[in-house]
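Rule-based calculations on the coordinates, nothing more; no lab input. Predicted, not measured: the structure shown is a model, and the values here were computed from it. Note that we place each Cβ from the backbone using ideal geometry, even for glycine, and neighbour counts take in every protein chain shown.
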């Protein structure tokens, strides 16, 4: 994904994420923040441990940043890539902000030198998570990826395209969300993948595990909700 709008001035090739961290004046427009490890070019670079944090981010908020920060610490990641999707096949597009605006807003929220924000699905030519992940693994073979989701997404995973194939492609870290934990852990995906679940204490080594492998992290929760923010913006 390549950040757009206020995060860069021209299209950026796949893999050239822009780091986001205040103050923006600390780096050239569209350039890397000094001292921040860049995303490696295709087939090169160090063995980075990277969390993939996908979503439509309508809008991005402090709860997303909270989860991304927990992922850095609990999973001992080098970076978290925020993959802003053009659209979620399971959600209506009516009222959804344009992709450029959502990427820019996610960039403002992220505010961390080890976060990357971008819209990779367009350049990769993918629509579904499983296809995006497989292409990223081919493009960055030295990276050790972990898919990051909230408990609400664990519950609805059986509705995703080839969700079992996704679980076999990379490890998954699930973060607790208010009101979702019980239903998520009692759901179809959690039951189907139960024998591959690892204890919380194994989270630090998850990126190095062979898939399928997943953890459910009972971490501090954040009250922010994208649906509540949208309702406030529309005066509901």
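At a glance:
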read-out: Cα shape, region 156-211, gyration tensor, a/c 1.5 rule; value: oblate
read-out: Alpha-carbon centroids, region 154-172 and region 77-146: separation in whole Å; value: 17 Å
read-out: Estimated inter-spin distance, residue 62 and residue 159, nm [label 7 Å along Cα→Cβ]; value: 2.9 nm
read-out: Simple spin-label estimate for residue 88 and residue 179 in nanometres, 7 Å along Cα-Cβ; value: 1.5 nm
